[in-house]
Amino acid sequence: MPGEPQADCLFCKIVAGEVPATVVRETGTTVAFRDINPQAPTHVLVIPKVHYPDAASLAAAEPQVAADILAEAAKVAEHDQVDATGYRIVFNTGAGAGQTVFHTHAHVLGGRGLQWPPG
Ligand code: 5GP
Ligand code: ZN
């Protein structure tokens, strides 16, 4: 079934509590946790509890959950007090764009100056 947990998915295991993570916030539909290899002082991943491989497939199947991720990204920025200075929300989509974990996730990056355009 679309959205069901995948046995070989690292982020499904984090949702299930089978892999530990430093959780910042949790809602009925999302989990936000700190990236294991942070690229900025604030580097938090916001993921849906349902499994879809990328943002496009999540938005097509469950648009309300996709909206929940954006709302949670803003809450994370407030939590880490980077909302005033600015932050970036990134969905790497496809291996060619650097996606390595194929369970939808928003990177929330802040706490330092951010280059534009990104690399
Ligand atoms: P992607 O490259 O797919 O856009 O992002 C995947 C992110 O997941 C990377 O930034 C990577 O550091 C992070 N990551 C990979 N494995 C783990 C893990 O076991 N725990 C946490 N917290 N982050 C992870
Ligand atoms: Zn998954």
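Quick notes on this one:
- Screening the candidates Glu18, Glu26, Glu62 for the property of being at pLDDT 95 or above, more than 19 Å from Arg88 (Cα to Cα) and crowded, with 18+ Cβ neighbours inside 10 Å yields one hit, Glu62.
- Cβ separations smaller than 6 Å between residues 6+ apart or across chains give the following pairs from segment 13-34 residues that are more than 13 Å from ligand 1 (Cβ to nearest atom) to residues that are among the small types (Gly, Ala, Ser): Arg25/Ala32.
- Each residue in segment 94-119 was checked for being at pLDDT 95 or above and either touching a Lys or Arg at 6+ places or on another chain (Cβ under 8 Å) or surrounded by fewer than 16 Cβ atoms within 10 Å (Cβ to Cβ) (or both), and 17 pass.
- The residue pairs whose first member lies in segment 63-77 and is more than 15 Å from Gly28 (Cα to Cα), whose second member is polar (S, T, N, Q), and whose beta carbons are closer than 9 Å, counting only pairs six or more residues apart or on different chains, are Val76/Thr42; Ala77/Thr42.
- Of all residues in segment 15-36, those satisfying the criterion of being closer than 21 Å to Ala67 by Cβ and either near ligand 2 (Cβ under 9 Å from one of its atoms) or not in a strand (DSSP E or B) (or both) are Val15, Thr27, Gly28, Thr29.
- Residues of segment 47-76 that turn out to be assigned to a loop (DSSP other than H, G, I, E, B) and either in contact with a helix residue (DSSP H, G or I) (Cβ under 7 Å, 6 or more places away or on another chain) or within 10 Å of ligand 1 (Cβ to nearest atom) (or both), as a count: 4
- Residue within segment 37-46 that is within 11 Å of ligand 2 (Cβ to nearest atom), more than 18 Å from Asn92 (Cβ to Cβ) and part of a loop (DSSP other than H, G, I, E, B) present: no
- Asp54 being in contact (Cβ under 8 Å) with a residue 12 or more places away in the chain and in contact with a Leu (Cβ under 6 Å, 6 or more places away or on another chain): no
The values are calculated or read from the model by the stated rules, or taken from the named source; none is laboratory data. Keep in mind it's a predicted model, so treat the numbers as computed, not measured. A quick note on method: Cβ atoms are made from the backbone with ideal geometry, for glycine too, and the neighbour counts reach across all protein chains shown.
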